[in-house]
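The values are calculated or read from the model by the stated rules, or taken from the named source; none is laboratory data. Predicted model, so just to flag it, every value in this text is computed and none were measured. All Cβ positions, even for glycine, are placed from backbone atoms using ideal geometry, and neighbour counts span all protein chains on display.
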Amino acid sequence: MEGGGDAFGSSTAPLAWHDFLERMRQPSAAEFVRSIKSFILTFSNRAPDPEKDSASVQEFLENMEGAFRAHTPWAGSSDEELESAGEGLEKYVMTKLFNRVFASVPEDVKSDEELFEKMSLLQQFIRPENLDIKPEYQNETSWLLAQKELQKINMYKAPRDKLSCILNCCKVINNLLLNASIVSNDNPPGADEFLPVLIYVTIKANPPQLHSNLLYIQRYRRQTRLVSEAQYFFTNILSAESFIWNIDGESLSMNELDFQRKMDWARERLLGLSADLENRDNQANPDVQERRSQNLKANRSSDVSLSLKDPIQGSGQDMRRDNDVSVGGKPVERVQSVSDLEKKGATELLNDDDLNKKFQEYPYLFARAGDLTIADVESLLNSYKQLVVRYVALAQGMGVSPETTLAQTAQTSSDLVASEEPENVSSVVNNNDNSEGVSKTSDDVASDNYHTEAYEQMTQKTAVGSSDDPKVTKDEALHHPENA
Amino acid sequence: MGCSSSLPATNAGGGGLNNVNSGNSDIDSKNFRVKLVLLGDSGVGKSCIVLRFVRGQFDPTSKVTVGASFLSQTLALEDSTTVKFEIWDTAGQERYAALAPLYYRGAGAAIVVYDITSPESFNKAQYWVKELQKHGGPDMIMALVGNKADLHENRSVSSQEAQEYAERNSMFFIETSAKTADNINQLFEEIAKRLPRPTSS
């Protein structure tokens, strides 16, 4: 494999981001910080205009990257360091502008709602056969892993991080296909096998605001970095979106009448579900209905321990294994899975202005390892036990008995071997020129990175005040030294 | 099936073109890269052709890239230039035909593949050729490829017919076998030769 030039392997990415923030704090970066701030300010003074906003961000990033060599904090840096600084800048600027430019016009918001609704309906009756997925490649249980990756897209603000979620999803699918092809002694899978599964997974995952997320990546990911392999897989999800928009009877090989009937049935089923929540009027299948309304109730409750499971369990754990516990055993047809609830909760949390209050009862959430003393152990252990009990109770309430959960964990962790190290793709996001020679990096570090970043978003939300504050840059930089 | 996956992958070193600078389409006048899109009915062996071509580097069990529907391979030419192909595979099933423009947009080359034992796949290939002529870039290099040439006892598309069709449409034509590797390198070398060289230095 071609090595070298991998400036953004997943193991170095958090370091690069940390390094960027570090340099931003240096006095010599003052001028640089001023330019960024005044650029961000120009946005608050004008109405959203996606075309114009995108063009001006792209231009600003390009100019700043060009000017890096002249900036003291980066003077004499290697090409790789400069590229890394470019990534840092993009993430920094876009994290600041996110609220202003993401889904900023009514058309985008409307499209998000329509697409979400269409996928909510489709996911209730679509079958792999409808999309030409051959039986030997069908594996709905393992596809949950790919769905999970895609559902993380709303946990991040930076275009690169969102893109990583898509690439991770694609990578899981590809690994599963590759394994299936080896098992069935078939040809190695190509686009004929890949695209249909991606479409299926996208419909089942149905991440909220998918349309806006894709537009956002397209508009604000630096164009010179959205090339090659990353561009290919990004094109695939755009193409999946386009296919889903246009799905009708013909595109699923069913007659139009049949298709419309299925859509109507799905709509009634969804409406029935919400009606059920109101009057608990159990119909055809009391058992399932009961469970669903419990799901919804759980979702409304203010207990955030489940939603935050990923961010706080960060260090050194295999995140997907943790996730599998929550995904465990839920039939795909189920309207609300634990992961749906988690995703929904996390999204709501990120948009919640009272986030601070919600976290008050979890004193260790924002602690760093160095802050802790031996005396904290007992209290931490208690909190841990409480968390486990609540989680198991919640899982029980969802109809997943603890035994089932364990069995599922064991089973899916063997599946995980198939999808080893999806985090590696982050090097594709970053280093497009080196796509055939992506270096292997530590899974732990990579998932650490993800945890930290999701966590960081939460922290940011709770700890950093208004972004108009001129001190924010510094505050924020000071606030995340634990990123490394 | 079109290509055998049982062959052990040789670990021949890569072409060595590994430019750190990320440019857009070309790198410099000696080393450039090109986006190549693969079109053709499902089952004609599109991905097998590519896997054959990159076999020197491709290990079917390796998990270092996102997946085999995108592969890149660098080819060194006699005039001491190198071409890095970034190969975009497309889904060939009828229901996905409308999505193809997203993939061939901006491509410098296209390979339209059919299966010499399947007249339907040859019809489909002609559909793609028309589509590319209408909507593809004006300078796109197009190749018509009859794959599965090893199955000549089941041939149902004559090479003469395909050759004439290709000539009428100013494409070049070649028959390949991804299974035996026949003509695979020739196919990519020929495309590389025909690519317009970047003028800037």
Flag for A:GLN124 being away from chain B (no Cβ under 14 Å) and within 20 Å of the chain's Cα centre (by Cα): no
Select from segment B:90-113 the residues that are free of Cβ contacts under 8 Å to residues at least 60 places away in the same chain and either over 15 Å from the mean Cα position of the chain (by Cα) or farther than 18 Å from A:GLU241 by Cα (or both) and list them in ascending order. B:GLN93, B:GLU94, B:ARG95, B:TYR96, B:ALA97, B:ALA98, B:LEU99, B:PRO101, B:LEU102, B:ARG105
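Is it the case that B:PRO119 is of a type outside the set (Asp, Glu), at pLDDT below 95 and surrounded by fewer than 21 Cβ atoms within 10 Å (Cβ to Cβ)? Before you say what the answer is, go through the steps one by one.
Working: of a type outside the set (Asp, Glu): yes; at pLDDT below 95: no; surrounded by fewer than 21 Cβ atoms within 10 Å (Cβ to Cβ): yes.
Criteria not met by B:PRO119.
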Confirm whether A:ALA67 is crowded, with 19+ Cβ neighbours inside 10 Å and farther than 19 Å from A:GLN209 by Cβ. no
Could you look through segment B:142-184, keep only residues that are in contact (Cβ under 8 Å) with a residue 40 or more places away in the chain and more than 16 Å from B:VAL50 (Cβ to Cβ), and pick out the one that is surrounded by the fewest Cβ atoms within 10 Å (Cβ to Cβ)? B:SER156
Within segment A:71-85, identify whether any single residue is among the β-branched types (Val, Ile, Thr) and surrounded by fewer than 20 Cβ atoms within 10 Å (Cβ to Cβ), and answer yes or no. yes
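Working carefully through the options B:ILE116, B:ILE87, find the one that is among the aliphatic types (A, V, I, L, M), under 22 Å from A:ASP186 (Cα atoms), touching a residue at least 40 places away in the same chain (Cβ under 8 Å) and within 14 Å of chain A (Cβ to nearest Cβ). Let's see the steps before the verdict.
Numbers: B:ILE116 fails: within 14 Å of chain A (Cβ to nearest Cβ).
Answer to the selection: B:ILE87.
Per-residue answers, yes or no, for (1) of a type in the set (D, E, K, R); (2) in a loop (DSSP other than H, G, I, E, B); (3) at pLDDT below 75:
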position	(1), (2), (3)
B:CYS3	no, yes, yes
B:SER6	no, yes, yes
B:ASN18	no, yes, yes
B:ASP28	yes, yes, yes
B:LEU51	no, no, no
B:VAL64	no, yes, yes
B:PHE85	no, no, no
B:TRP88	no, no, no
Taking segment B:131-151 as the search range and keeping residues that are assigned to a helix (DSSP H, G or I) and more than 15 Å from B:GLY45 (Cβ to Cβ), which one is nearest to the chain's Cα centre (by Cα)? B:LEU132
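Going by the structure shown, is A:ILE126 surrounded by 18 or more Cβ atoms within 10 Å (Cβ to Cβ) and either touching a Lys or Arg at 6+ places or on another chain (Cβ under 6 Å) or closer than 18 Å to A:SER181 by Cβ (or both)? Walk me through it before giving the result.
Details: surrounded by 18 or more Cβ atoms within 10 Å (Cβ to Cβ): yes; either touching a Lys or Arg at 6+ places or on another chain (Cβ under 6 Å) or closer than 18 Å to A:SER181 by Cβ (or both): no.
So A:ILE126 does not fit the description; no.
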May I ask you to list the residues in segment A:185-210 that are more than 10 Å from chain B (Cβ to nearest Cβ) and modelled with pLDDT under 90? none
Is segment A:274-291 home to any residue that is at pLDDT 70 or above, in a helix (DSSP H, G or I) and touching a helix residue (DSSP H, G or I) at 6+ places or on another chain (Cβ under 9 Å)? yes
Given the conditions (1) part of a loop (DSSP other than H, G, I, E, B); (2) within 11 Å of chain A (Cβ to nearest Cβ), every one holds for B:ASP79 apart from (2)
Report every pair of residues separated by at least 6 positions or lying on different chains whose Cβ atoms are under 7 Å apart, first residue within segment A:173-188 and farther than 21 Å from A:ALA205 by Cα, second aromatic (Phe, Trp, Tyr) and modelled with pLDDT of 90 or more. A:ALA180/A:TYR137
